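Peer 1: This structure is in structure tokens; I'll ask about it shortly.
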Amino acid sequence: MELLKGKPVADVIKEKTARLAEELMEKDIVPTLGILRIGENGSDIAYENSAVKIASSVGVHVEKYIMSEKSETEDVLDVIKVMNEDDNIHGILMFRPLPAHLDEELIRNHINTAKDVDGISDASVGGLFTGNMTGFPPCTAEAAMMIMEHYGIELSGKRAVVIGRSLVIGKPAAMMMMDRNATVTICHSRTKPEDLKEICRTSDIIVSAAGKCRTVGAEHVSGNQVIIDVGINFDEGGKMCGDADFDALEGKVSAITPAPGGVGSVTTALLMYHVARAAASAETAPETVSK
Ligand code: NAP
């Protein structure tokens, strides 16, 4: 069983980003990520700290915009306007979900598509779905694709299943795999458990983004599957885990990403690459590393 670790993939992306950042510095452009955090959510702060660390290792500067969780929608829109209009900010990362009283749909759609480095606006999602290359794809879905590309996992003509249909992971991952000529099935919480098992067992590739420990177990595989585990969850004992029951699957699949240590590490590296790309090209359509 091959362990599809994220680090080697992230290292390649980081190297590419650092090279691009260096080229930009020679032109006095400092690729800069604006992070917008509303409130003091622990996991947002943890992600922010790791993003800052990775950014500095690849020559990307970070500017933080921290707002009170009591901020109103209008206040957040004002800050996004400032970030959109600041030529020194090339990418915007906004932590979600936002506090419930805020109009998240309105807010995310105010982010300038050219700076929407995590692909959360409708324009970015539309660009991915139509293939018109407007904006950037969501980093996590792209990270799943990058792992498969790095490890030479062929998608063309293969049967793939995506577990989860969120706009940030499930749907874009399915679309990207279909673009690579896989035959894709999407499962979700209303998929009957027996159907989920059957679909997984007859698929070559399982991408799981359900957000629940042990969504994929030994009963979901038949021996040769590749499992890309996107989930970042915590079990009953507070231990971090993916969606896949790693222990139960060990030796029963052909390849699997560890969690942690798989998709997550690639996601942040890709975010920085998107920032450098956005800085390099404000006018031309941004490219993705996975194409
Ligand atoms: P989400 O918005 O909650 O979506 C979860 C999806 O999974 C939904 O479509 C849901 O179906 C489906 N689902 C839930 N339980 C299921 C089950 N038992 N069987 C089949 N489908 C089920 O979550 P998300 O934002 O997409 O995130 C998914 C996971 O990825 C989370 O663990 C999150 O922490 C992780 N994540 C990882 C990274 C990374 O870099 N690795 C980045 C971001 C998020 P319905 O649509 O019917 O509700």
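Peer 1: Quick one: work out the % antiparallel among DSSP beta bridges in the chain, nearest 5.
Peer 2: Details: 2 of 31 bridges.
Taking every DSSP beta bridge within the chain, about 5 percent pair in antiparallel fashion.
Peer 1: Rounding to the nearest 20 debye, state how big the charge dipole of segment 194-268 is about its Cα centre with +1 on each Lys and Arg Cβ and -1 on each Asp and Glu Cβ. Intermediate results must be reported in sequence, preceding the final value.
Peer 2: Values: 6 positive and 12 negative charges, 32 e Å.
With Lys and Arg at +1 and Asp and Glu at -1, about 160 debye.
Peer 1: What shape does segment 141-276 have by the C-alpha gyration tensor, where a ≥ b ≥ c are the square roots of the eigenvalues, rounded means a/c under 1.5, and otherwise prolate means a/b greater than b/c and oblate the rest?
Peer 2: Working: a/c = 1.43, a/b = 1.11, b/c = 1.29.
It is rounded, given that a/c, with a ≥ b ≥ c, falls under 1.5.
Peer 1: What net charge do the residues around E154 carry, taking every other residue with its C-beta under 13 Å from that of E154, with Lys and Arg at +1 and Asp and Glu at -1? Intermediate results must be reported in sequence, preceding the final value.
Peer 2: Numbers: positive: K158, R159, R180; negative: E149, D204.
Once all neighbours under 13 Å are counted, the net charge is +1.
Peer 1: Beyond a 29 Å Cα-Cα separation, which of these cross-linked pairs lie in this structure: K14/K64; K14/K252; K5/K53; K7/K239; K81/K239? Show your work: numbers first, answer last.
Peer 2: Numbers: K14/K64 21 Å; K14/K252 32 Å; K5/K53 20 Å; K7/K239 21 Å; K81/K239 39 Å.
Listed pairs above 29 Å: K14/K252; K81/K239.
Peer 1: Continuing with this model, one more query. Non-local amide H neighbours of I163 (under 5 Å, H modeled in plane, Pro and chain starts lacking H): which ones?
Peer 2: C187, V207, S208, A209
Peer 1: Sticking with this one: Exactly which trypsin sites (Lys or Arg not before Pro) in segment 141-207 are in a DSSP loop and have at most 12 other Cβ atoms within 10 Å?
Peer 2: Numbers: sites: K158, R159, R165, R180, R190, K197, R201; in loops: K158, R165, R180, R190.
Here the trypsin sites (Lys or Arg not before Pro) that fit, given the DSSP loop and packing criteria, are R190.
Peer 1: Classify segment 27-118 as rounded, prolate or oblate from the Cα gyration tensor: take a ≥ b ≥ c as the square roots of its eigenvalues, call it rounded if a/c is under 1.5, otherwise prolate when a/b beats b/c and oblate if not.
Peer 2: Numbers: a/c = 2.26, a/b = 1.33, b/c = 1.70.
Oblate is the answer for segment 27-118, as a/c is 1.5 or above yet b/c matches or exceeds a/b.
Peer 1: How far is it, in nm, from the label point at E15 to the one at I45 when both lie 7 Å from their Cα along the line to the Cβ?
Peer 2: It works out to 3.7 nm between the two label points.
Peer 1: Given a cut-off of under 8 Å on Cα pairs at least six residues apart, what relative contact order in percent is computed for the chain? Present the calculation step by step, with values, prior to reporting the outcome.
Peer 2: On the way: 592 pairs, mean separation 67.9, N = 291.
With pairs under 8 Å counted, the relative contact order is 23 percent.
Peer 1: For the ranges 31-42, 67-78, what's the packing order if you count other beta-carbon atoms within 10 Å of each residue, average per peptide, and put the highest first? Don't skip to the end; give the middle numbers.
Peer 2: Values: 31-42: 19.2, 67-78: 14.4.
Highest mean packing first, the order is 31-42, 67-78.
Peer 1: Add +1 for every Lys or Arg and -1 for every Asp or Glu among the other residues with Cβ under 14 Å from the Cβ of M83, and state the total.
Peer 2: Numbers: positive: R37, K64, K81, R108, K115; negative: E63, D75, D78, E85, D86, D87, D116, D118.
Combined, the nearby Lys, Arg, Asp and Glu give -3.
Peer 1: Once you order the gyration tensor axes a ≥ b ≥ c over the Cα atoms, which shape class does segment 1-68 get: rounded for a/c under 1.5, otherwise prolate or oblate by comparing a/b with b/c? Mind dumping the intermediate values first?
Peer 2: Details: a/c = 3.99, a/b = 1.11, b/c = 3.61.
Oblate.
Peer 1: In percent, how large is the relative contact order of segment 139-263, given Cα pairs closer than 8 Å and 6 or more residues apart?
Peer 2: It rounds to 22 percent for segment 139-263.
Peer 1: May I ask you to derive the relative contact order of segment 27-118, considering only C-alpha pairs under 8 Å and at least 6 residues apart, and to give it as an integer percent?
Peer 2: Numbers: 116 pairs, mean separation 35.2, N = 92.
It comes to 38 percent, rounded to a whole number.
Peer 1: Going by amide H atoms built from the backbone, whose H comes under 5 Å of the H on I35, apart from near neighbours?
Peer 2: When sequence neighbours closer than 5 places are left aside, the close amide H contacts are E63, K64, Y65, L93.
FYI, it's all coordinate maths here, none of it is from the lab. Just so it is clear, the structure is predicted and the values come from calculations on it, not from any experiment. Every residue, glycine among them, receives a Cβ derived from its backbone with ideal geometry; neighbour counts consider all protein chains shown.
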